[in-house]
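Please treat every number below as a calculation from the coordinates, not as lab data. On a predicted model such as this, the values are computed, not experimentally measured, just so you know. FYI the Cβ positions are ideal-geometry reconstructions off the backbone, even for glycines, and counts take in every protein chain you see.
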Amino acid sequence: MNASKNLLFFALVGLSWSCAHYTDPLTPDEALKSFTLSDDRLQIEVFAAEPHVLDPVEMVFDEEGNAFVVEMPDYPSKPEDGTLGGAIRLLRDTNQDGRIDSAIVFADNLSEATSVLPWEGGLLVAAAPDILFLKDTTGDYRADIREVLFTGFFANNSEAQITNLHYNVDNWIYASNCGQDGLVKFMRNPKLPPISVKGGDFRFRLDRGQFEIESSTGQFGMSVDDWGNRFFTENSLHIQHAPIAGRYLFRHPFLPSYDVALNISDHDPEMFQETPAPYWRQERTKRRNEQFAEAKLDRHEYAEDHFTGASGGTFYGGNLLPADYRGSVFTGEVAGNLIHRDIVQPLPNSPTFVAKRGEKEKTTEFLTSSDPWFRPAQLSVGPNGVLYVIDMYRQHIETPTAIPEDLKEEMDFFNGNKLGRIYQIVPKEAKLTHEAPKLRSKSSAELVALLAHPQQWWRLNAQRLLLERKDKSVLPAVTDLFLTHADARARLHAFFVLEGLNALTLSLIKKALADAQPDLRAYSLIEAEKWSELLPQLIEKTTDVSPKVSFQACLSLGQFTSPSVSNALAKALSQHVQDKWYRMGILSSEAGASFTLIEVLQREGFFDRMIPDKESFLNDFAHVVRARNRSGEVQRLALLLKKK
Amino acid sequence: MKRREFITIALPILPTTAFLVSSCQPKSASQSETTDPCKDFSTVSENDLKTRKKLGYVDASPRAESQCGNCNLWLPPKDGKACGGCMLFKGPVQTAGYCTYWAPQSK
Ligand code: SF4
């Protein structure tokens, strides 16, 4: 912290020490003065505060523009008397002045709910061990339907439970499971066998009754960009990506590793906080570092200026903030009392991404606070493009069991559990619209037009409502939008409305395969998997100029078993062997882990000049061969390799 | 590296892999829990056992690449000991274990 900021910090909090080690809370309006934004074109204002919102951890806007907030007063531990404090509130701005003035409790008595998603006029709710569907059918804004949709998720640590519900452009709903063990049952169809989500996340489609493990291990925070790419957060790892979807990764159970979570930040672990580390953390870190030194371990722990509490990543798909913010991912850091921003770009030679700092944030953060109570647990983007900051506002955020007993003596882990607040970040000159979108009363034709809206919120909600209505009369208009619209994002949403209405034809998929936008080509490959006559086009796409597309072609080809597939995969492997994701993705399929592939490689001279990446592939191939233990295969591999 | 040279390196991995796979098989009945020093909690306090449970410690990590062995709070086994420890609680901790407090090692 520099000297002037130090002075400001002490001026703000110096008069309010409650004891030797911790500061007192600030009112929401006082807290506004504690913020520094890196961009002076922007300002931060109070949107909602206690008593309208308490302990908020997430806020989403439904298709009508209603703001639903998830409250988590039971963090970090549920009361011993068995009562449950979790609630969902509907916030209301009755005079449309942009500040919340009333609230209705939509649902309460919830066990550690952390995430909600508008769905069929109600809300899906992640509340471990369940995913619930809650709905109000009487018009009083209180849920009277409470259905358990899925159950069996891990429920022993509120920081690592099922959360982050997101409806994605591909019509699947994604949720983070932090890799926790669990046998998940779908209660709408109890005859289906439960699935294990151990080591992964979760995704499901209620329109088709499908559910499966997904290949990431997100904790609290998931952001989804315009093209449906998911980025996830896990405490000290503030932005990760999983390039191989679960349905490919887990095709056979013999890969040497199923870990595909990649830290894409090019600037970890550093962050720039304004608040000094709290006393307990400084002291605990000192003790831990002494222990490391004593045990002669080459390890260190940092009490501050390093990500440890990254939580709640949000893609900015709005158009209210200046154009340079579009496509940014904003992540809260509850331990550093700040909001970090990443600019996420696809890599030119690999099917994944890099997350960089913005020009103005090389040595600072998008937003910092000098108030150690500021806990930006989550962010949200409204239909009007406003970036909202969900501030849980607690004195302490940490697992109590991880703090030594003597340091806990003067800590009250619930201090602040009536003090949540939500801020909005807007351009200084912005004229905000507070008019509710009211999408339910719009005609299907109007919803089709909204698939081309410049803001992600509108496109996704219009897509969801069109599929909910199952109104096939929109098919000509949606097809026209897909075939003719200049904005690739509009074409993408139209493509998936057609998919959701079971209206994708061979010719439409062929059209998408030739689209100028790589993400659309990549999605069309997934659809092409269902059409064996498209195998030649799938093979052709393994040489696409975009790594996103050629990689997806390799994954999709692995759904087929004909000899031409192994040929094509062998060629793709030769070309991309330096890339871990191609090696792993190809090896995940039967054809990619076949002897036909190895024979083609050998014929083509792949093994004539070995490099470490080729060795790595061969080692992994040998692992698969040994682990699947098919008669004679080990000997066959040994022979093959010995042959000149 | 030339292919011929590589073969001599690559082939020995086959038995190694076989070992890795066989080590994943269930233990035989003779390996009873009471004789396993990594399962001996006789000197561990109630409080530490409670902490272990609250953090969700399990002997086999559900996340293959996130294990006690590569966690910042892991204490490797001392000389002659079969299992390691954790800085958050006392008692034996398996290299392949995991709890929800896992954090990557930092230098
Ligand atoms: S904190 Fe780390 S070492 Fe300790 S039990 Fe958890 S994962 Fe294992």
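Per-residue Cβ counts within 10 Å, from other chains only, averaged over A:612-624: what number is that?
Numbers: counts 1, 0, 4, 5, 0, 0, 5, 6, 2, 1, 7, 7, 1.
Taking all residues of A:612-624 together, the mean is 3.
Give the dimensionless ratio obtained when the Cα radius of gyration of the range A:507-592 is divided by 2.2 N^0.38 Å.
Working: Rg = 11.6 Å, N = 86, 2.2 N^0.38 = 12.0 Å.
Compactness ratio reported: 0.97.
Could you give the size of the charge dipole of the range A:388-515 about its Cα centre, using +1 on the Cβ of each K and R and -1 on the Cβ of each D and E, expressed in debye and rounded to the nearest 20? Display every interim value, and only then the final one.
Details: 18 positive and 16 negative charges, 193 e Å.
Roughly 920 debye for the range A:388-515.
Under the Kirkwood approximation for Rh and a Cα-based Rg, what ratio Rg/Rh is obtained for the protein assembly as shown? Walk me through the numbers on the way to the answer.
Details: Rg = 26.7 Å, Rh = 27.6 Å.
Ratio of gyration radius to Kirkwood radius for the protein assembly as shown: 0.97.
Starting from the Cα of residue A:604, step 7 Å along the direction of its Cβ; do the same at residue B:42; then give the gap between the two resulting points in nm.
About 6.2 nm, to one decimal.
Which net charge results when you count Lys and Arg as +1 and Asp and Glu as -1 among the other residues whose beta-carbon is under 15 Å from that of residue A:410?
-4
Answer with one residue from A:313, A:336, A:346: the one whose Cα lies farthest towards the positive end of the charge dipole of the range A:305-380, charges on Cβ with Lys, Arg +1 and Asp, Glu -1.
The residue sitting farthest along the positive end of the dipole is A:346.
May I ask for the net charge around residue A:228, where only other residues with Cβ less than 10 Å from the Cβ of residue A:228 are counted and Lys, Arg are +1 while Asp, Glu are -1?
Numbers: positive: A:230; negative: A:170, A:225, A:226, A:519.
Net charge around residue A:228: -3.
At what distance in angstrom do the alpha carbon centres of the range A:295-343 and the range A:471-491 lie from each other?
Centre-to-centre (Cα) distance: 37 Å.
Rounded to the nearest 20 Debye, what is the dipole magnitude of the protein assembly as shown about its Cα centre when Lys and Arg each give +1 and Asp and Glu each give -1 at the C-beta?
On the way: 83 positive and 96 negative charges, 632 e Å.
Value, rounded to 20: 3040 debye.
Excluding residue A:25 itself, what net charge comes from residues whose Cβ is under 15 Å from its Cβ, given Lys and Arg +1 and Asp and Glu -1? Intermediate values should be presented prior to the final figure.
On the way: positive: A:33, A:375, A:394, A:418, A:421; negative: A:24, A:29, A:30, A:50, A:55, A:371, A:391, A:412.
For residues surrounding residue A:25, the net value is -3.
Charges at C-beta only: +1 for Lys and Arg, -1 for Asp and Glu. How large is the resulting dipole of the range A:452-522 about its Cα centre, in Debye rounded to 20? Don't skip to the answer; put the middle values down first.
Numbers: 10 positive and 7 negative charges, 16 e Å.
Result for the range A:452-522 is approximately 80 debye, rounded to the nearest 20.
Would you kindly give the portion of the calculated P(r) for the range A:323-410 that falls above 22 Å, as a percent of all Cα pairs?
On the way: 1656 of 3828 pairs.
For the range A:323-410, the fraction of Cα-Cα distances above 22 Å is 43 percent.
How high is the FRET efficiency from residue A:289 to residue A:267, r the C-beta distance, R0 25 Å, rounded to 0.05?
Numbers: r = 23 Å, r/R0 = 0.94.
E between residue A:289 and residue A:267, to the nearest 0.05, is 0.60.
Counting each pair of different Cα atoms once, what's the Kirkwood radius of the range A:359-431 in Å, rounded to one decimal? Don't jump to the answer; show the numbers that get you there.
Values: mean 1/r = 0.0677 Å⁻¹.
Kirkwood hydrodynamic radius for the range A:359-431: 14.8 Å.
Express the relative contact order of chain A as a whole percentage, based on alpha carbon pairs under 8 Å and six or more residues apart in sequence. Please list the in-between numbers first.
Details: 1378 pairs, mean separation 77.5, N = 644.
It rounds to 12 percent for chain A.
Taking the Cα atoms of the range A:255-410, what is the range of coordinates along each of the three principal axes, in descending order and whole Å?
The principal-axis extents, from largest down, are 50, 42, 31 Å.
What pairs in A:135/A:438; A:362/B:107; A:356/A:428; A:286/B:54; A:431/A:548; A:191/B:53 have C-alpha atoms more than 29 Å from each other? Mind showing how you got there, number by number?
On the way: A:135/A:438 18 Å; A:362/B:107 22 Å; A:356/A:428 26 Å; A:286/B:54 24 Å; A:431/A:548 39 Å; A:191/B:53 33 Å.
Checking Cα-Cα distances, A:431/A:548; A:191/B:53 exceed 29 Å.
Taking the Cβ-Cβ separation of residue A:487 and residue A:578 as r and a Förster radius of 45 Å, what is the calculated FRET efficiency to the nearest 0.05?
Details: r = 35 Å, r/R0 = 0.77.
The value I calculate is 0.85.
Could you sort A:91-98, A:320-327 so that the peptide with the highest average Cβ count within 10 Å comes first and the rest follow in order?
Details: A:91-98: 13.6, A:320-327: 16.0.
Packing order, densest peptide first, comes out as A:320-327, A:91-98.
Per 0.36 nm of contour for each residue apart, how much would the distance between residue A:445 and residue A:415 grow if the chain were fully extended, relative to their Cα-Cα spacing? Each step should come with its number before you reach the end.
Details: separation 30, 0.36 × 30 = 10.80 nm, distance 5.05 nm.
Difference between extended and current length: 5.7 nm.
Taking the dipole about the Cα centre of the protein assembly as shown, with the C-beta of Lys and Arg at +1 and of Asp and Glu at -1, give me whichever of A:478, A:605, A:523 is farthest to the positive side.
So the residue we want is A:605.
Could you give the length gained on full extension between residue A:408 and residue A:428, defined as 0.36 nm per residue of separation minus the Cα-Cα distance, in nm? Before the final figure, lay out the partial values.
Working: separation 20, 0.36 × 20 = 7.20 nm, distance 4.24 nm.
Separation in residues times 0.36 nm, less the Cα-Cα distance, equals 3.0 nm.
Which aspartates and glutamates have a Cα lying under 20 Å from the Cα of residue A:571, excluding residues fewer than 8 positions away in the same chain?
Excluding near neighbours in sequence, the set is A:529, A:540, A:544, A:579, A:590, A:599, A:604, A:608, A:613, A:615, A:620.
Could you tell me how far the Cα centroid of the range A:350-415 sits from the Cα centroid of the range B:70-107, in Å?
When both Cα centres are located, 27 Å separates them.
Between the range A:511-558 and the range B:34-60, what is the C-alpha centre distance in whole Å?
Comparing the Cα centres of the range A:511-558 and the range B:34-60, I get a distance of 50 Å.
Projecting each Cα onto the charge dipole of chain A (Lys/Arg +1, Asp/Glu -1 at the beta carbon, about the Cα centre), which of A:451, A:117, A:106 comes out farthest on the positive side?
About the Cα centre, the residue reaching furthest to the positive side is A:451.
With n ≥ 4 as the cut-off for DSSP H runs, can you work out [θ] at 222 nm for the protein assembly as shown, using -39500 (n - 2.57) per run divided by the number of residues, rounded to the nearest 500? Write out the running numbers ahead of the final one.
Details: 21 runs with 205 residues, N = 751.
Result for the protein assembly as shown: -8000 deg cm²/dmol, rounded to the nearest 500.
What is the mean projected area of the alpha carbon convex hull for the range A:180-320, to one decimal in square nanometres? Write out the running numbers ahead of the final one.
On the way: hull surface 53.8 nm².
Across all orientations, the range A:180-320 yields a mean hull projection of 13.4 nm².
Stretch residue A:298-residue A:475 to full length: gain in nm at 0.36 nm per residue minus the Cα-Cα span? The partial results should precede the final answer.
Working: separation 177, 0.36 × 177 = 63.72 nm, distance 6.21 nm.
The span from residue A:298 to residue A:475 would gain 57.5 nm if fully extended.
Take the Cβ-Cβ distance between residue A:27 and residue A:109 as r, set R0 to 35 Å, and report the resulting FRET efficiency rounded to the nearest 0.05.
Details: r = 29 Å, r/R0 = 0.84.
Efficiency, rounded to the nearest 0.05: 0.75.
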